[in-house]
Amino acid sequence: MAKSSVRNKPFSCFSDGFLYLGGALLAFLLVWSLWSYTVPHSFEPKGKSATNHAQTQQCVPENPAVNLGYDPPEQTFYDDQELSYSIERPMKNWDEKRKEWLKRHPSFAPGARDRVVLVTGSQSKPCKNPIGDHLLLRFFKNKVDYCRIHGYDIFYNNVLLHPKMSSYWAKLPVVKAAMLAHPEAEWIWWVDSDAMFTDMEYKLPLRRYDYRNHNLVVHGWEKLIYKEKSWTALNAGVFLIRNCQWSMDFMEKWSSMGPMSSEYKKWGPIQRSVFKDKLFPESDDQSGLIYMLYQDKGLMDKIYLEGEYYFEGYWADIVPTYDNITEKYTELEKEDGKLRRRHAEKVSEQYGVFREPHLKEAGNGKGSWRRPFITHFTGCQPCSGDHNQIYHGETCWNGMVKALNFADNQVLRKYGFVHPDLLDSGTVTETPFDYPDDGPW
C-alpha cells in the first residue's frame, strides 16, 4: 500500500496542473474573444497584412497633391480692401500677387503651368426659343463632360457682371473675375454657349503657346487681318488667355471699346471704316480685337492666331462631315484592337495618344477627316431662336442635335452605350465586347 501511495501522488499533482493550465487558457480565450468584438480594429499586425487591410478600407488613396482644405492666415491680395473684381477697375502687379499666393499655397504650385479653368455662360432669363433652354443644357453638359475627362475646372455664369457690358461684351468681365478667383490657374478658357467639343480626346497643345510666351490664343488668320481687312479674320467666341498682368492690361484696352466706355459710340463707325464686311454698326468685341491687331502688329508677339486645327470651327462646314469621320474612326478601331479596348473614362487621354499616329494622314481643318475639336454654331442663336436668315431654322437645330450626339457617343462609349442614329437623341444601344469589331456597324 505504501508503494502504491507513493506512485499516485505525483500523478495527482500533474493532473491538477493540467486542470489549472486548461482553466487559465479557457479564461484567456474568453477574455480575448470579448475584447476582439468590442475593439475589432485596434490590433493590427505589422507588415503585409496590415497594408492589405488599409487598402481594403480605402480603395482609392487620397491625392495629397492639392490641399483644398488649407488657406494660411497670412494676408494675400484677397485681404486688400481696394481689390475690385470689376472690369472697370484696373488690376496692377497681378503677376507678383499671383506668385505670392502660390507661394503661400504650395500644394497648388506643381502643375500650375498646365492648369486651365473653362468659363462659359448664358443669359439670366429663360430662352425665347421653346427648345433653347434644352439645347443650352446639352451644350453645357458637353463642356462638363470634356472638363471631367481632362481634369479642368469649369465655371458657368448666367448674370451680367457689369450692367452695361451685355451680349458679346459680357464675357470680358467674367474672364477678369475668373482670373482673380483662380490664381492657381495659368489659363482661363472662354467658350461661347453655342460652341461644343466634338473631339473629346484632343487636349490643348499648351506647350505650343508657351514656346514664345503667347498670352492669348484665338482661331484666326493673319492674312485676313492685314491684307483683306475682314471682320471674320478671327472668331472671339472661343479664346484662351493667360492669367497674367499682360492679359489684365489687354482686357482693359479691349473693353474700352465696349458699352461701359463713354466713347463706345465712336468705335462702331471706326471699325466699319476699316472692315468693310462688318454687318452691324455698333462696336463688338470681335471687331475690337481685330482692330487692335490691325493697329498694332506688335501684338502678334503675344497673340497666337491658331489655324492648325479647329480651335473652333464653323458648323455649316463641319456638320456634313460627321458621318464620314465616324466611318473613318470605326475603320481605325477595327484595324487596331488597342483603340477599341474597353477602359475607364479617367484614362481616356492615353487612348487619344494611341490614336494620333493613325491620324497623320487625316489632315486638319476644312476637308480633314479628323474629328473637329470645337464645332461653333455661330449665327444660329439657340436661345433666342433669331438665327441668321441665311440659314433655315431646322438646319441649325438638326445640326446641333447631330453634333451633340456625335460628341456624346464618344462619352457614352466609356459607359457601354452609343446613339446608333445621330439625329435620335433618345435612343441608345449597348456596345458588345470588342466593339466595333464585333458585328456590322
Requested in this report: Would you check the accessible area of Arg342, probe 1.4 Å, heavy atoms only, in square angstrom rounded to 10?
Outcome: 140 Å²
Requested in this report: Mind ranking Lys99, Lys164, Lys171 by accessible surface for me, highest first, 1.4 Å probe?
Outcome: Lys99, Lys164, Lys171
Query raised in the report: What full-extension length gain, to one decimal in nm, is calculated for Lys223 and Ser425 as 0.36 nm per residue of separation minus the Cα-Cα distance?
Result: 68.7 nm
Query - Heavy-atom accessible area ranking, 1.4 Å probe, most first, across Lys143, Lys328 - result: Lys328, Lys143
Report summary line: Measure of exposure for His134: accessible area at 1.4 Å probe, Å² rounded to 10, is 110 Å²
Query raised in the report: Want the number for Asp277 to Phe433: 0.36 nm per residue separation, take away the alpha-carbon distance, what's left?
Result: 50.8 nm
Query raised in the report: Top to bottom by accessible area (1.4 Å), largest first, where do Val238, Val347 land?
Result: Val347, Val238
Query raised in the report: Under the Karplus relation 6.51 cos²θ - 1.76 cosθ + 1.60, θ = phi - 60°, what is the ordered set of whole-Hz ³J(HN,Hα) values for region 323-333, x standing for Gly and Pro?
Result: 5, 5, 4, 4, 4, 5, 5, 5, 4, 4, 6
**Report entry** Nearest-0.05 FRET efficiency for Thr395 and His358, computed from C-beta distance (R0 30 Å)
**Finding:** 0.40
Query raised in the report: How much length, in nm to one decimal, is gained on full extension between Gln81 and Leu137, taken as 0.36 nm per residue of separation minus their Cα-Cα distance?
Result: 16.4 nm
Query raised in the report: How many percent of Cα pairs in region 64-162 exceed 25 Å?
Result: 42 percent
Report task. Give Lys125/Lys203; Lys97/Lys346; Lys143/Lys171; Lys141/Lys203 a once-over and call out the pairs whose C-alpha atoms are over 25 Å from each other. Result -> Lys125/Lys203; Lys97/Lys346
Report summary line: One can check that the equivalent ellipsoid of region 398-441, built from the alpha-carbon gyration tensor with semi-axes equal to the square roots of five times its eigenvalues, has lengths in Å, largest first, of 19, 10, 8
Report task. Take the Cβ-Cβ distance between Lys266 and Leu412 as r, set R0 to 35 Å, and report the resulting FRET efficiency rounded to the nearest 0.05. Result -> 0.10
**Report entry** Volume per residue that the Cα convex hull of region 350-400 spans, once the total is divided by residue count, Å³
**Finding:** 102 Å³
Query raised in the report: When the Cα centres of region 276-302 and region 58-134 are compared, how far apart do they sit, in Å?
Result: 29 Å
Requested in this report: Would you compute the Debye intensity of region 236-388 from its alpha-carbon atoms alone, equal scatterers and no solvent, and pass along log10 I(q)/I(0) at q = 0.09, 0.12, 0.15 Å⁻¹ to two decimals?
Outcome: -0.46, -0.75, -0.99
Report summary line: So for region 329-376, using the alpha carbon gyration tensor with a ≥ b ≥ c as root eigenvalues (a/c under 1.5 gives rounded; past that, a/b versus b/c decides prolate or oblate), I'd call it oblate
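The values are calculated or read from the model by the stated rules, or taken from the named source; none is laboratory data. Note that the structure is predicted; figures quoted are calculated from it, not measured. Here the Cβ is made from the backbone with ideal geometry for all residues, glycine too, and neighbour counts use every protein chain on show. Just the protein is used for accessible areas: all its heavy atoms, side chains included, with ligands, DNA and RNA removed. Shrake-Rupley method; radii C 1.70, N 1.55, O 1.52, S 1.80 Å.
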